[in-house]
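*Asks:* There's a structure below that I have some questions on.
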Amino acid sequence: MKIRTKPRFFQLAYRIGLTPWDGHPLSSNLQELIEGPAALPAGSAIDIGCGTGDAAIYLARHGWQVTGVDIAAKALQQARAKAAAEHVDVNFVRADVTRLSSAAGVGGGFALLLDTGCLHGMSDDARDRYVGELDAVAAPDGRLLILAFLPGGQFGVRGIDDAEIHRRFTPRWRLLSAGDEAAMTVYANYPARHYLFERRD
């Protein structure tokens, strides 16, 4: 199945319930960042392309002040219901992730920016805008965790490779770690990767 990863696709997908990306296990790299021996102190976080809110809710349960952003109203409706059921407070905002800094209710100065499978589906132009928007909403020493598929997979997601990640981010962000992301890897020949960056002053 070929997936078109444009905003209108995601809005329709959530409306009809065609969301194969929902329900995957929580990233072990995210858990290490939040609960591991060198865990970040809780602060403000943004979950970019948050979907139905699992990662945002996880962060809120661990003391973070979280804003979850998605373009799909139906996904946000489900996310708000999940957060209410778990008695956690998350600021879920409907917004275009390529216009974060000008979107009402998003804010800025985020200590942690999380992207679980958002960037890897964008066009080149959208990626250009997206990277600039991350710079605009990140704290000076913010951390950025990107989880993404490599190109060439059978799900139809465009994907993004290590070289493009480095080219787009290392001028403004310092790469701290990169490697496989087991929670998103369904097939061995279509691996997912994680990239952890720190914002350069």
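*Asks:* Considering only residues that are in a helix (DSSP H, G or I) and not charged (D, E, K, R), which ones fall in the stretch 21-69? Give the steps one after another, and end with the answer.
*Replies:* Here is the first cut: in the stretch 21-69, the residues in a helix (DSSP H, G or I) are 28-35, 54-61.
The answer is Ser28, Asn29, Leu30, Gln31, Leu33, Ile34, Ala55, Ala56, Ile57, Tyr58, Leu59, Ala60.
*Asks:* Go through the stretch 39-54 and count every residue that is over 20 Å from Tyr130 (Cα atoms) and surrounded by fewer than 22 Cβ atoms within 10 Å (Cβ to Cβ).
*Replies:* Number satisfying all stated conditions: 6.
*Asks:* For the stretch 91-114, which positions are crowded, with 16+ Cβ neighbours inside 10 Å, within 14 Å of Gln65 (Cα to Cα) and touching a residue at least 40 places away in the same chain (Cβ under 8 Å)?
*Replies:* Matches in the stretch 91-114: Phe92, Val106, Gly107, Phe110, Ala111, Leu112, Leu113, Leu114.
*Asks:* Checking the condition crowded, with 23+ Cβ neighbours inside 10 Å and out of contact with any helix residue (DSSP H, G or I) (no Cβ under 7 Å at 6 or more places or on another chain), which residue from His120, His87 passes?
*Replies:* Of the residues listed, the single one that is crowded, with 23+ Cβ neighbours inside 10 Å and out of contact with any helix residue (DSSP H, G or I) (no Cβ under 7 Å at 6 or more places or on another chain) is His120.
*Asks:* Moving to a separate point now. Note down all Cβ pairs under 7 Å where the first residue falls in the stretch 25-43 and is closer than 17 Å to Leu144 by Cβ, the second is among the aliphatic types (A, V, I, L, M) and part of a loop (DSSP other than H, G, I, E, B), and they're at least six residues apart or on different chains.
*Replies:* Leu33/Ala39; Leu33/Leu40; Ile34/Leu40
Values quoted throughout were computed directly from the atomic coordinates according to the rules given, and no laboratory measurement underlies them. Please read these numbers as outputs of a predicted model, since none were measured by experiment. Note that we place each Cβ from the backbone using ideal geometry, even for glycine, and neighbour counts take in every protein chain shown.
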